[in-house]
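Nothing in this text is a laboratory measurement; each read-out follows from the coordinates by a stated rule. This structure is a prediction, so every number in the text was calculated from the model and none was measured. Because the Cβ atoms are built from the backbone with ideal geometry, glycine has one as well, and the counts that use them run over all protein chains shown.
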């Protein structure tokens, strides 16, 4: 039996960590998990993580703030909170990042902006469907559009009371009776 030898030495934990961090910013928890899965000893992993933190390649606070700022325009506070928790960030770091990024008024405004875009898009889609003479009996236009927009907003993590408030505002705008609605949380 012939024993196969490795032609090159194993990569060090530091090299693997740098390689992982060049592809994507990782949290302390994510990098620890990856290195342990690759078979490195926990003491070696801790040494590498300390070096990465000293150099500035690993910073959970900056990463949490960056993620929450990038997702501000697309997702609700609740959804970003869940995403940050899933990445293994400490609750205090998550709360600091969300407090710096999200306010209830900004979240309401973003929900309204997304709802307006989707309302227009779904209204146009509904009108095209009706023009094609679909044999099945469709829901009334306003109800169908309202359901689709509400579903999308809730999937993005917006609270149901905020979604109801935004949809009631959009319905009045759609009827031409625009008025201002203050955000309620």
Region 104-174 shape via C-alpha gyration tensor axes, a/c threshold 1.5:
prolate
Multiply the residue gap between residue 131 and residue 172 by 0.36 nm, knock off their C-alpha separation, and tell me the result in nm, one decimal place.
12.3 nm
Obtain the nm distance between the two label points defined at residue 99 and residue 33 by a simple spin-label model: each point lies 7 Å from its Cα along the Cα-to-C-beta direction.
2.7 nm
Relative contact order of region 104-174, pairs being alpha-carbon contacts under 8 Å that are 6 or more residues apart, as %
46 percent
How much length is gained on full extension from residue 19 to residue 51, taking 0.36 nm per residue of separation minus their Cα-Cα distance?
10.1 nm
Indicate the gyration tensor shape class of region 1-134 (rounded, prolate or oblate), computed on the Cα atoms with a ≥ b ≥ c the square roots of the eigenvalues: a/c under 1.5 is rounded; otherwise a/b larger than b/c is prolate and the rest oblate.
oblate
Can you tell me how much longer the chain between residue 92 and residue 141 gets when fully stretched, taken as 0.36 nm per residue apart minus their C-alpha distance, in nm with one decimal?
13.1 nm
